[in-house]
Structures are given as structure tokens and as C-alpha cells.
1. Among the residues of segment 44-54 satisfying the criterion of being assigned to a helix (DSSP H, G or I) and touching a helix residue (DSSP H, G or I) at 6+ places or on another chain (Cβ under 8 Å), which is least open to solvent (accessible area, probe 1.4 Å)?
2. State whether one or more residues within segment 15-34 are touching a Pro at 6+ places or on another chain (Cβ under 9 Å) and surrounded by 15 or more Cβ atoms within 10 Å (Cβ to Cβ).
3. On the given criteria, is M1 open to solvent by less than 70 Å² (accessible area, probe 1.4 Å), outside any helix (DSSP H, G or I) and in contact (Cβ under 8 Å) with a residue 24 or more places away in the chain?
4. Residues to consider are D12, D66; find the one that is among the charged types (D, E, K, R), part of a helix (DSSP H, G or I) and surrounded by 14 or more Cβ atoms within 10 Å (Cβ to Cβ).
Amino acid sequence: MNTQEKLAALEDIMELDEGTLKPEMSLDEVEEWDSLAALSFVVLLGDEFQRKISGKEIRAFQTVQDMLNVMEPGE
């Protein structure tokens with residue numbers, strides 16, 4: 001999955017229009033980034049990337065790029 005596809009997946013779980021998210025955006029700027037979106041992100045990571053992530057790791061996210069960085073296949 002390339003960066004654009006990852007951004008599209010994030011936009012989908014946050015119900016945003018295509019092209020809304022940019023890697024450099026602060027998550028504080030994204031109203032739709034809430035607990036439901038975080039839960040959907042956990043599911044996305046498990047289903048698409050076979051990865052698990054903790055709540056502590058998610059709370060440490062500051063930018064969209066932080067989210068993209070963990071969107072890699074697990075081992």
C-alpha cells in the first residue's frame with residue numbers, strides 16, 4: 001500500500017473527503033480524529049497490516065505522518 005492509499009484509508013475511517021489529509025497535518029487540526037476513529041484505526045492495522053498497537057502508542061500520535069509510519073506489515 002503506497003502513501004496515497006494509506007491516506008485514503010485514513011480518510012475513509014474518519015469519513016473525510018478524498019485529499020483532505022496531508023502527512024504533515026497535526027491531528028489536533030482533524031476534528032474527526034476521535035475515539036471511534038482510533039478504534040477503527042486499530043481494526044485497520046490488524047486487518048490490513050497484521051499489526052497490533054496500544055492505546056499509549058495511539059495517544060502519542062501528533063501528526064498524520066505518525067499514523068502512516070505504523071501502517072506497515074507486521075512481522
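The values are calculated or read from the model by the stated rules, or taken from the named source; none is laboratory data. Here the structure is a predicted model, which means the values were calculated and not measured. Note: ideal-geometry Cβ built from the backbone for every residue, glycine included; neighbour counts use all protein chains shown. Surface areas here come from the heavy atoms of the whole protein model, side chains and all, with no ligands, DNA or RNA. Shrake-Rupley method; radii C 1.70, N 1.55, O 1.52, S 1.80 Å.
1. This residue is L44.
2. The answer is no; no qualifying residue exists.
3. Considered against the rule, which asks whether it is open to solvent by less than 70 Å² (accessible area, probe 1.4 Å), outside any helix (DSSP H, G or I) and in contact (Cβ under 8 Å) with a residue 24 or more places away in the chain, M1 comes out as no.
4. D66
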